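Here's the structure, in structure tokens; my notes come after.
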Amino acid sequence: MMRRAGRCLVLLGVSCVAPLLLPAAAAQARDGRLRPGIRAYEQLDYAVAAALLRGELAAPGALPDSDRAVALVYLGATELFRGRQDSAVAAFQRLVLLRPGFRPDPLTFPPEVTDLVRQVRRDTRAVIVEVPRTTELAVGREQFAARLVASAYHMVQVTVTFENGSPVRTLYAGPIGDSLLVAWDGRDTAGAVVSGGAYWLRVSSRTPAGAAVRHVQLPLTVRRVEPDTLSLPPPPADSLWRRERRAAGPALRALASGAVVSAAVLALPSVAAQGSKPGGARFAVAGAVTLTGVVSFLMRRPGQLISDNARANRDVRDAWQRQVRAVQLENVARRQAVRLVIDAGTAHVIEADAP
Amino acid sequence: MGRVIRLTLALALVAPALAAQTIVRFAPGVAGRLVRLRAEVPGETDVLSGAAVGVEGGLMLGKLVQLEVQYLQGALHPDSGPAGHRDLIEGRASLGVAPVRWFALSVGPLVRSYVAASGRERWVRWEARARAQAPLAFPGVTGYVEGWRVLAASANLPGPFDGGQGGEAGIAARLPLGPGWWARLAYGVDRVALAGRRETVETVVLAVGVGPR
């Protein structure tokens, strides 16, 4: 499974976490809604700080994630210094679930706080999924990329599932360090391009024993963009086809012409020289003319195959069929060049013991 | 007879060169005829028959105008009646037009002489001819019917000319001897009447030639 998921690009040991450090967000938070709570913390008024920070976290009009992370780290530190270790751990767990890669600024928080955050990160095994809001990819040439950011090294399984949860494709199963880049080519396990519809990108965090502890599910809406196919070339026009069998007309005309000329030969004495008692030579000529007409009829008898025309028709037919085959091949290629438009929704976390 | 042979050889030599011309096309040929003459006067009928050979030729000027000439001579022997042996000499020329490929009209003189021991009987007559032809399906074979009317005639015989007409029908075919070779097989009959005297000539023609037909 892991080998088959080799398309996944694992980026273990990524250390570029500096942007996740607190100072910039904290500086902004100090000037915003969190300013009273942070000031109370700095003035060691932990009870007031905890109340203010909890109030902001619970207030209607959700804080942005960056402010929420700042609020949680200050709340955890406040609870820690108030001697409420469990509350501090709970706050830091919420922080880790929200921002698995978050690290408190060691210049702002003492080692007790950063150590506890590090311990909670290690124990929580949280992952977030970062994807573009919309991805358009050419199947076979491009891939849908998801970046996973983990709180700590642990085992994960990344799966694309149908809306009902049945698996479509396992993209990755293995360890994750700080982050992991997973790619999906838009195909299912059998290699077929998925049809349009609703899917989930599901990331399951597991214990070393393999038990799932948490799932992150990201809704994906997939649309197929089918390329236009070429229409098949029309059959050759009737005017291009030649008659393959001889018609009755020429043969009958030959017979009739022979009969007319033969009759003329026989009738000439009666017309031009009545009562002349003609000789019998005219019968020989009339017979020869009649015989010529009969032979002509037989040589062009109706239904006889005209091989030149049959060959010409075969050439026309073969040329048309070659065009049809070329278009069919082109259409097969076009059908394989499907594009997928993948819209990603908002991820949510499901704890493993949740129903 | 020697004159006919010499004329035939001369025509055969010049025919290919003339036939190759596209504007003026020449179609010479040699013809053999079986001739049967029935000469009737009140109370007496002579029947003579024999063979004649001759040359004939057509000169096509473009597609419209055509000139035809014909010369033959032979000997007729009595089949019945008191008449004796006669030599037959005949020449004919006609100038015609072919407004369509299958139909032609022509007019021209015909001179026919019968030379017997008792003297020469000579006819000169002017004929108007109409000819229709149609191809048979057999490749290169054409059937034709021709009729003519004697417009005027004179003879070194006593009495006024009473009229005359005739016709010919047969087939012409291209021969596989080379380009332009043809053969013709036909049966013809004509009659002229002069002061109670009637002469009927039947012919079976077998001709071979080269050139357009």
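Please treat every number below as a calculation from the coordinates, not as lab data. Quantities reported herein were computed from a predicted structural model and do not represent experimental measurements. For neighbour counting, all protein chains shown are included, and Cβ atoms are generated from backbone atoms with ideal geometry for every residue, glycine included.
Take every Cα pair under 8 Å whose residues are at least 6 apart in sequence, average their separation, divide by the length of chain B, and the relative contact order is 18 percent. Around the Cα centre of region B:124-209, unit charges on the Cβ atoms of Lys, Arg, Asp and Glu (plus for the first two, minus for the last two) sum to a dipole of about 100 debye. Could you work out the local net charge near B:D46, counting Lys and Arg as +1, Asp and Glu as -1, over the other residues with Cβ closer than 12 Å to its Cβ? Taking every Cβ under 12 Å from that of B:D46, the sum is 0. For chain A, hydrophobic long helices are taken as DSSP H runs at least 18 Å long by C-alpha position along their axis with mean Kyte-Doolittle hydropathy of 0.0 or more; these are A:65-81, A:85-98, A:248-272, A:281-299. Dipole of chain A computed with +1 at Lys/Arg Cβ and -1 at Asp/Glu Cβ about the Cα centre; of A:P104, A:V316, A:V168, farthest Cα towards the positive end is A:V316.
The mean sequence separation of alpha-carbon pairs under 8 Å and at least six residues apart, normalised by the residue count of chain A, gives a relative contact order of 18 percent. Using alpha carbons only, how many angstrom separate the centre of region A:227-272 from the centre of region B:162-213? Computed from Cα coordinates, the inter-centre distance equals 30 Å. Please report the net charge: other residues with Cβ closer than 11 Å to the Cβ of A:A251, K and R +1, D and E -1. Local charge sum for A:A251: +4. Using only Cα coordinates, the Kirkwood hydrodynamic radius of the protein assembly as shown works out to 34.4 Å. Per-residue ellipticity at 222 nm computed for the protein assembly as shown from its helices equals -10000 deg cm²/dmol, with DSSP H segments shorter than 4 residues left out and the rest contributing -39,500 (n - 2.57).
For chain B, the longest principal axis of the alpha carbon atoms and the long axis of helix B:2-19 meet at an angle near 30°. Assuming charge only on the beta carbon of Lys and Arg (+1) and of Asp and Glu (-1), the dipole of region A:187-251 about its Cα centre is about 140 debye to the nearest 20.
For region B:2-210, would you read off the P(r) tail past 33 Å as a percentage of all alpha carbon pairs? So the pairs more than 33 Å apart make up 16 percent of the total in region B:2-210. Mean per-residue shielding of peptide A:254-262 is 6, counting Cβ atoms of other chains within 10 Å of each Cβ. The charge dipole of the protein assembly as shown, taken about its Cα centre with unit charges on the Cβ atoms of Lys, Arg (+1), Asp and Glu (-1) only, comes to about 1300 debye. What residue among B:A39, A:L266, A:G287 has its Cα farthest toward the positive end of the dipole of the protein assembly as shown, where the charges are +1 on Lys, Arg and -1 on Asp, Glu, each on the Cβ? Projecting each Cα onto the dipole axis, the largest value belongs to B:A39.
The mean number of Cβ atoms from other chains found within 10 Å of a Cβ in peptide A:280-286 is 5, as a whole number. For A:L97, the shell of other residues with beta-carbons less than 13 Å away shows a net charge of +3, using +1 for Lys and Arg and -1 for Asp and Glu. Ordering A:P234, B:S80, A:A248 by the projection of their Cα atoms onto the charge dipole of the protein assembly as shown, which places +1 on the Cβ of Lys and Arg and -1 on the Cβ of Asp and Glu, puts B:S80 at the extreme positive end. Using 1/(1 + (r/R0)^6) with R0 = 30 angstrom and r between the beta carbons of B:T45 and B:A93, what's the FRET efficiency to the nearest 0.05? Between B:T45 and B:A93 the formula returns 0.45.
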